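Report on the following structure.
The values are calculated or read from the model by the stated rules, or taken from the named source; none is laboratory data. Quantities reported herein were computed from a predicted structural model and do not represent experimental measurements. Note: ideal-geometry Cβ built from the backbone for every residue, glycine included; neighbour counts use all protein chains shown.
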Amino acid sequence: MTRRSNPFEEIERLLERMSNQFEDVDQIQSLESAWPGRLKVDLAEFDDAYEVTADLPGFESEDIDVELLDDQLHICAERKTETEEAEAGRYIRRERSERSVDRRVSLPEPVEAETVEASFKNGVLTVCLPKAEGSEESHTIEIE
């Protein structure tokens, strides 16, 4: 007696393969966000300003450069290590070394460059970018 094959077996295998591929994509995306040198930021919008917040643990304010270039905020931080030897001995393990992070954040609307303010406290950089005068969230266009 011959056994009849399940007509849906091939479809089930294809669906399983597709599911596995989506899991792989999710893993890759989570790896990208944890990539060294990738600065994570939040961009919030308020009525009159945008606020960019970035975590920069282990950096000092002197290590951080913030520039506004047209419609992009550029944040760059670099920490260098001292090359002096410890007086009492040598390093057995040294994991804290040079580190740099870099990020460009595109802003949705023009901002007043002269009034941008930045603060750095407890490893968190906060940049307040007041919206340019005349920039509204929406503009109604009358139809003739």
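Of the residues making up the range 93-144, just one is out of contact with any Asp or Glu (no Cβ under 8 Å at 6 or more places or on another chain), on the phi > 0 side of the Ramachandran plot and modelled with pLDDT of 90 or more, namely Asn122.
More than 29 Å from Pro110 (Cβ to Cβ), modelled with pLDDT of 75 or more and assigned to a loop (DSSP other than H, G, I, E, B) - does that describe any residue in the range 81-91? Yes: one or more hits.
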